Structure formats: structure tokens, C-alpha cells
Amino acid sequence: MPVISFIIKVNQESELNMIEFIFGARGSGKTKKMIDMANEALEHTDGNVLFVNDQDHYRATVNNQIRFINTEEFQINSSSELYGFLCGLIASNYDITIIFVDNVLRIIDANGPESVKTLLDHLEKLKLADNIKFVLSISCEKDQIPDFMKK
């Protein structure tokens with residue numbers, strides 16, 4: 001299955017202030033696409049870019065100007081823990097403009113994309129308040145994408 005990408009925009013005039021999803025089956029190239037997007041984002045943003053993953057394997061391929069964070073170092077295992085962690089990052093750095101979160105389901109130890117609903121509800125409020133773009137990768141087939149992610 002090829003990688004599927006689509007965007008939920010709240011502010012049509014700004015590329016910030018949105019949540020973008022990268023969907024695809026395991027091994028379909030989601031992480032590579034996100035790394036390419038993150039590296040390219042450096043050219044188009046004045047703020048800081050973060051790349052959150054659950055392993056160090058890709059650290060070397062992310063531009064060293066991007067803050068790479070391995071969630072396993074912080075024992076993050078649920079959507080509430082991930083949300084709290086992201087809030088802490090944002091509270092400590094007001095210059096963050098884009099946060100890439102790779103392998104969301106694996107980070108929060110979820111069985112499927114429907115498990116992300118609570119996290120997305122919280123991120124909606126967070127991105128509005130802080131004008132931050134979130135890019136999340138979700139491992140699932142096209143027919144498994146929940147309606148709440150398509151709005």
C-alpha cells in the first residue's frame with residue numbers, strides 16, 4: 001500500500017495551525033516521507049522543528065538542526081503521556097512551529113487508529129492556542145482510517 005497523506009486544516013490562510021496525517025501500512029515509507037518533510041520544513045519556517053519517534057534508528061537521517069526526541073527515553077506508553085510530554089516541550093520552547101510524531105500508535109501502545117481520538121481532541125486545542133502544526137504518522141490501511149480523522 002502506498003503512503004497516504006492528507007491534511008486537516010483549521011486556518012485555511014496558514015500552513016501552521018493544522019494537523020496533517022501520514023497513513024500507510026507498516027514498511028510503506030511513512031517514516032522516510034516524514035523525515036523528508038521535516039528536513040524540508042527547515043527551509044520554510046522561522047521556528048523550531050521537532051521530530052518525535054520511538055527509536056534512535058532514524059536520528060542520523062534527520063537534519064541536526066531539528067530536535068530529534070526518542071520517546072523510549074521517557075517511558076511514554078499512552079496518549080495522555082504523549083500529550084503531556086508534547087505540552088511540556090511546547091511550554092519550554094515558544095519557538096516551536098512544527099512537531100512531527102512518527103509511529104503514533106506504537107508510541108501510545110494502541111491497537112488501531114481509533115485509539116488516537118482523545119489525543120487528537122487535545123492536539124486540536126493545543127495547536128489553536130500555540131499556532132503549531134502537527135504531522136502524525138499512523139500505521140493502517142486506507143479502509144481503517146476513522147471518520148474523525150477525515151473531517
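Every number in this text was worked out from the coordinates using simple rules, so none of it is lab data. Note that the coordinates shown come from a computational prediction; the quantities given were computed from them, not determined experimentally. Ideal geometry is used to build each Cβ from the backbone, glycine not excepted, and the neighbour counts take in all protein chains shown.
Structure above, values below:
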quantity: Calculated FRET value between Asp46 and Asp143, using beta carbons and R₀ = 41 Å, to 0.05; calculated: 0.55
quantity: Amide N proximity, the stretch 17-32 versus Tyr58 label position 7 Å along Cα-to-Cβ, cut-off under 15 Å; calculated: 20-32
quantity: Of Ile108, Ala25, Phe68, farthest towards positive along the dipole that unit charges on Lys, Arg, Asp, Glu beta carbons give the chain; calculated: Ala25
quantity: Size of electric dipole in the chain: Cβ of Lys, Arg +1 and of Asp, Glu -1, about Cα centre, debye, nearest 20; calculated: 280 debye
quantity: Value of Rg to Rh for the stretch 63-151 (Rh from inverse mean 1/r over Cα pairs, i.e. Kirkwood); calculated: 0.95
quantity: Cα Rg over Rh - the chain, Kirkwood; calculated: 0.92
